[in-house]
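Asks: Take a look at the following structure, please.
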Amino acid sequence: MDIRQQFLDFFQSKGHKLVPSSPLVPDDATLMFTNAGMVQFKNIFTGEAPIPNPPRATSSQTCLRAGGKHNDLDNVGYTARHHTLFEMLGNFSFADYFKEDAIAYAWEFITSSKYLALPIEKLWVTVHDSDDEAEEIWSRHISPDRIIRFGDADNFWQMGDTGPCGPCSEIFYDQGEENFNSPEDKMGGEGDRFLEIWNLVFMQYERDESGTLNPLPKPSIDTGMGLERVVAIKEGVLNNYHSSLFIPFLNKIGEMVGTPYNYEASNSASYRVIADHLRSCSFLLAQGVNFDKEGRGYVLRRIMRRAIRHGYLLGLREPFMYKLVDTLVDVMGEQYDYLLKRAEAIKTSMKTEEERFFDTIEAGIKLFNEELEKTDNIFDGEVAFKLYDTFGFPLDLTQDMLREKNIALDIEAFDKKMETQKAQSKANWKGTGDASTTGDFKALKEKFGENEFVGYETKQITATVLALLDSEFKEVDTVNGSGWVLLDKTPFYAESGGQIGDRGELLGRCKVVDTKKFLDMNMSQVEGDLSIGDRVEALVDSSRAEIEKHHSATHLLHAGLRAILGEHIAQAGSLNDDKRLRFDFSHPKAMTKEEIKAVEAWVNDKVSRAIPRETKIMSIDEAKNSGAMALFGEKYGDEVRVVSMGDVSVELCGGTHIDNTSEIGLFMITKESGVSAGVRRIEAICGNSAIKVVGNLRDELDEIKTELKNQNSIAGINRLKDEIKTLKTELKTALNSTKKELSTIEINGVTVIVDEVDTGDIKELIDEAKNRYPNIAIMLFQKKGNKVLIACGSKNTPIKAGNWIKEIAPILGGGGGGRPDFAQAGGKDASKIDEAKERALGYLKDNL
């Protein structure tokens, strides 16, 4: 029984539009991760975006709760129902149907023999203690003695301190007194007997800043049902982890460990932690989040390292998480096909992160256990910091380990250490919110809809000014200076998919300095004078041609990387402007010079073949079936543009491109670097930018030839190197001819030299002395301006050179160190050389 598909089919039959699961990284500046099904509809519920058509939707949304207000990480593995990643089935009404239909739909799906067919005698319902209407509606479906009222803490939902809110109604499933019979196993208790499976939120109020609840003229519905819980119920198990969604992982882990999963075993929680964390880590990696030191990437690292530590507890001593990815693809790959497409990249990133942590985990656990032996009640915060800073133990991992021992952490000491060393413990992440949350865009969208983009066909058109916004994005009748214009049709491409927004002019009226998209409306930023209703001649400037060269080159680069490095390559970000391109991609290590040259040559080969660019409009399913690459997180409509250059590059893309690859001209990779763990970046140029760089390189080469006085620059450089080598030899001969004879003394049978020299290489002088004498301790000083070079050596003596020099260098205001047989240091105070020599001899007399 495919409960997910049944749910979606049921609500589609009720007129709901099926909406795909949105990315775990939301388009919302206030959230780190998507934590509920309603997140992608938030702007509709708040009124910032217009109501769609149809005004009802359904989805199966992947959600992640591992940080901030909604953080289930501590409970994962230790309870039957907590997960970092889970799927929320939801149906939504945007000022359309309300309580009566929402309750009827829920009841039908849960009890009908065509769908879940849950026994009515097992079902209970809660409503808000003020919601007489919901109780009356429910009483038409279920016995009134199974409807229970609760207060705000349990049955009232709000998005924030102000805004849309309302009472909610929750549906519970009774798992049986025979299975759960503690004092908390009651409706409203903390036990597991009564399991919440569906929450229906009735958004009927707007809370203002004074706290007053004002009825909404058109209330809405937001519901959420936990897929994992319902699957467990239907399969007759009392623990989510014992359902078909998790058992394959537990069995595979058992194979790796050599001991099958056993719920009664003391270490069974570790199996469940790994199974859960595999899902969340894999989905985050598949969607472009990478291991990092901060932000979302650091949350990913925390989850991953928590799983690794539980693997360590099970006896695993080498990377293992990446070996579970194929099992995940078998379980969830059909619903989320990008897991299969990104499987190899996920494995590579996981294995690299596992190797890093396995390098330090043993030493870290040793330090933890040593400190634990000294700890009575509170664990030293400075040791926790060392675990974090030196051994890579996230703070909450250490806290997790302490929680198992019922020991608290001195968090103040940890925070103080973090502050003094200026380390980053708090995520410095940025959301993706923009001006659309504050501007008058909703009003424009409702009045005019989406304007027509004609820039694929032409770069110049006569258009009408439909609306104007000032620099604060508020509607105005005229713009005198800087503002934004909405044209009825526009040739200006709005920044999207890595391609920057077009520039140009409204001829004779104003300059266009940028173009962006707000609620799917293409709007251009202008500087000049303009009024609503004006007829204008809109012209895109010549920079578009160079932007298109770089954008098409990016497509070829993507294909070239996959051809040279492998199919695991996936785009992680891009930028295309008129002077350069930047392409971020998943890859576990730096590219070699040979690989960079090979990719560059591959792209230039395709440029030289003069391959025509072709664009086709097709359905999203047709596009994917054709092999076109789609970027995760991009929002595609029912119909998409597929841009192809022969069969070498086929991608879904809404950007503008050249007509033939030959227009790209010379393609040059200028830099390859790392962005974060598992993500590399290539910067490159083509077109006019490449021509300019080649010209500059030619000028530089001519200048080098002139300076070398040789038309063959390599030959000229080799000649200079030979001359330098000859001069060095002559200098060495001259220095040796004036070399000072070092004075020696003997202490307890050991030859001792402590002296100052004016010239020569003091390391070389020490080596010569060590070759001359069978056992020797030598320290030499040499002035270099106001500073001092110090070096010492020891051969067949109890003196350790590194320790010796650490005693002497501070006298000269310096420091250094080295091996037992040789050490060197620097000093800042040459006036104290005599004192240093005297102390050096004293050290030898005390230690020989």
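The values are calculated or read from the model by the stated rules, or taken from the named source; none is laboratory data. Just so we're clear, the structure is a prediction, and the values are computed from it rather than from any experiment. A quick note on method: Cβ atoms are made from the backbone with ideal geometry, for glycine too, and the neighbour counts reach across all protein chains shown. All accessible areas refer to the heavy atoms of the entire protein, side chains included, with ligands and DNA or RNA removed. Shrake-Rupley method; radii C 1.70, N 1.55, O 1.52, S 1.80 Å.
Asks: List, please: which pairs have Cβ atoms under 7 Å, are six or more places apart or on different chains, and start with a residue in the stretch 547-566 that is under 18 Å from K597 (Cβ atoms) and end with one that is at pLDDT 95 or above and surrounded by fewer than 22 Cβ atoms within 10 Å (Cβ to Cβ)?
Replies: G560/W602; A563/W602; I564/E595; I564/A598; I564/W602; L565/E595
Asks: Could you please give the count of residues in the stretch 496-548 that are in a loop (DSSP other than H, G, I, E, B) and either at pLDDT 95 or above or farther than 26 Å from M629 by Cα (or both)?
Replies: The total comes to 12.
Asks: Would you mind telling me which numbered condition in (1) within 16 Å of K122 (Cα to Cα); (2) without any contact (Cβ under 8 Å) to a residue 24 or more places away in the chain; (3) in a loop (DSSP other than H, G, I, E, B) E184 fails?
Replies: Here E184 clears every test but (1).
Asks: If a residue has to be open to solvent by 20 Å² or more (accessible area, probe 1.4 Å) and under 22 Å from F585 (Cβ atoms) to count, how many in the stretch 690-701 make the cut?
Replies: 0
Asks: Moving on. Give me the pairs, please: first residue somewhere in the stretch 5-18 and touching a residue at least 40 places away in the same chain (Cβ under 8 Å) and within 8 Å of N91 (Cβ to Cβ), second residue anywhere and open to solvent by 50 Å² or more (accessible area, probe 1.4 Å) and not in a helix (DSSP H, G or I), beta-carbon distance under 9 Å, and either six or more positions apart or on two chains.
Replies: These pairs meet every condition: F11/L18.
Asks: When you scan the stretch 653-662, how many residues do you find that are open to solvent by less than 10 Å² (accessible area, probe 1.4 Å) and either of a type in the set (A, V, I, L, M, F, W, C) or assigned to a loop (DSSP other than H, G, I, E, B) (or both)?
Replies: Number of matching residues: 3.
Asks: From the list K442, K430, K426, K422, which one is at pLDDT below 95, open to solvent by 50 Å² or more (accessible area, probe 1.4 Å) and in a helix (DSSP H, G or I)?
Replies: It is K442.
Okay, residues lined up against (1) among the hydroxyl-bearing types (S, T, Y); (2) touching a residue at least 60 places away in the same chain (Cβ under 8 Å); (3) more than 23 Å from G189 (Cα to Cα):
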position: L73; (1), (2), (3): no, yes, no
position: V76; (1), (2), (3): no, yes, no
position: R81; (1), (2), (3): no, yes, no
position: S93; (1), (2), (3): yes, yes, yes
position: Y97; (1), (2), (3): yes, yes, yes
position: E100; (1), (2), (3): no, no, yes
position: A104; (1), (2), (3): no, no, yes
position: K122; (1), (2), (3): no, no, no
position: I147; (1), (2), (3): no, no, no
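Asks: Do you know which of the residues in the stretch 278-297 that are over 18 Å from T34 (Cβ atoms) and over 8 Å from the mean Cα position of the chain (by Cα) is least open to solvent (accessible area, probe 1.4 Å)?
Replies: L278
Asks: Could you tell me which residue of the stretch 798-848 is surrounded by the fewest Cβ atoms within 10 Å (Cβ to Cβ), considering only residues that are within 47 Å of the chain's Cα centre (by Cα) and polar (S, T, N, Q)?
Replies: N803
Asks: Now for a different question. I'd like to verify a number: residues in the stretch 452-485 that are open to solvent by 20 Å² or more (accessible area, probe 1.4 Å) and either on the phi > 0 side of the Ramachandran plot or not small (G, A, S) (or both), how many?
Replies: 21
Asks: Only one of N199, N251, N240, N181 is closer than 28 Å to H16 by Cα and polar (S, T, N, Q). Can you tell me which?
Replies: The unique qualifying residue is N199.
Asks: Output the number of residues of the stretch 372-413 satisfying the condition of being within 19 Å of I303 (Cα to Cα), surrounded by fewer than 17 Cβ atoms within 10 Å (Cβ to Cβ) and at pLDDT 85 or above.
Replies: Within the stretch 372-413, residues that are within 19 Å of I303 (Cα to Cα), surrounded by fewer than 17 Cβ atoms within 10 Å (Cβ to Cβ) and at pLDDT 85 or above number 0.
Asks: Scan the stretch 484-521 residue by residue and report those that are under 34 Å from the mean Cα position of the chain (by Cα) and over 17 Å from S542 (Cα atoms).
Replies: Matches in the stretch 484-521: W484, S496, G497, G498, K516, K517, F518, L519, D520, M521.
Asks: Being at pLDDT 95 or above, open to solvent by 40 Å² or more (accessible area, probe 1.4 Å) and within 28 Å of P217 (Cα to Cα) narrows it down to one of S139, S130, so name that one.
Replies: Answer to the selection: S139.
Asks: If the requirement is being surrounded by 15 or more Cβ atoms within 10 Å (Cβ to Cβ), among the basic types (K, R), more than 25 Å from the chain's Cα centre (by Cα) and more than 28 Å from N290 (Cα to Cα), which of these qualifies: K624, K606?
Replies: Step by step, each of K624, K606 is checked, and only K606 is surrounded by 15 or more Cβ atoms within 10 Å (Cβ to Cβ), among the basic types (K, R), more than 25 Å from the chain's Cα centre (by Cα) and more than 28 Å from N290 (Cα to Cα).
Asks: Just one of (1) surrounded by fewer than 14 Cβ atoms within 10 Å (Cβ to Cβ); (2) of a type outside the set (F, W, Y); (3) at pLDDT 95 or above trips up K589, so point out which.
Replies: Failing condition for K589: (3).
Asks: Now, a different point. Quick check: anything in the stretch 50-63 open to solvent by 20 Å² or more (accessible area, probe 1.4 Å), farther than 17 Å from M225 by Cα and among the charged types (D, E, K, R)?
Replies: For the stretch 50-63, residues open to solvent by 20 Å² or more (accessible area, probe 1.4 Å), farther than 17 Å from M225 by Cα and among the charged types (D, E, K, R): absent.
Asks: Using beta carbons and a limit of 7 Å, which pairs, at least six apart or on different chains, have the first residue in the stretch 257-272 and within 11 Å of H242 (Cα to Cα) and the second one open to solvent by less than 40 Å² (accessible area, probe 1.4 Å) and in a helix (DSSP H, G or I)?
Replies: Going by the 7 Å Cβ cut-off, the qualifying pairs are Y261/L250; Y261/I253; Y261/G254; Y261/S268; Y261/Y271; N262/S268; R272/Y241.
Asks: Does T327 qualify as being closer than 26 Å to G288 by Cβ, hydroxyl-bearing (S, T, Y) and either in contact (Cβ under 8 Å) with a residue 40 or more places away in the chain or buried (at least 16 other Cβ atoms within 10 Å of the Cβ) (or both)?
Replies: Yes, satisfied.
Asks: Now a separate question. Can you say whether G311 is among the small types (G, A, S) and either modelled with pLDDT of 85 or more or surrounded by fewer than 18 Cβ atoms within 10 Å (Cβ to Cβ) (or both), as far as the supplied structure shows?
Replies: In short, yes.
Asks: Please go through (1) part of a helix (DSSP H, G or I); (2) in contact (Cβ under 8 Å) with a residue 12 or more places away in the chain for N179 and return the number of the only condition it doesn't satisfy.
Replies: Going through the list (1) part of a helix (DSSP H, G or I); (2) in contact (Cβ under 8 Å) with a residue 12 or more places away in the chain, N179 breaks only (1).
Asks: Just one of A690, A623 is within 27 Å of G501 (Cα to Cα), in a helix (DSSP H, G or I) and modelled with pLDDT under 95; which is it?
Replies: A623
Asks: Could I ask something else about it? Need the failing condition index for A769 against (1) closer than 13 Å to V752 by Cβ; (2) open to solvent by 50 Å² or more (accessible area, probe 1.4 Å); (3) out of contact with any helix residue (DSSP H, G or I) (no Cβ under 7 Å at 6 or more places or on another chain), just the number.
Replies: In the conditions (1) closer than 13 Å to V752 by Cβ; (2) open to solvent by 50 Å² or more (accessible area, probe 1.4 Å); (3) out of contact with any helix residue (DSSP H, G or I) (no Cβ under 7 Å at 6 or more places or on another chain), A769 misses (2) alone.
Asks: While we're here: Looking only at the stretch 207-254, how many residues end up being in contact with a strand residue (DSSP E or B) (Cβ under 9 Å, 6 or more places away or on another chain) and among the small types (G, A, S)?
Replies: Result for the stretch 207-254: 4.
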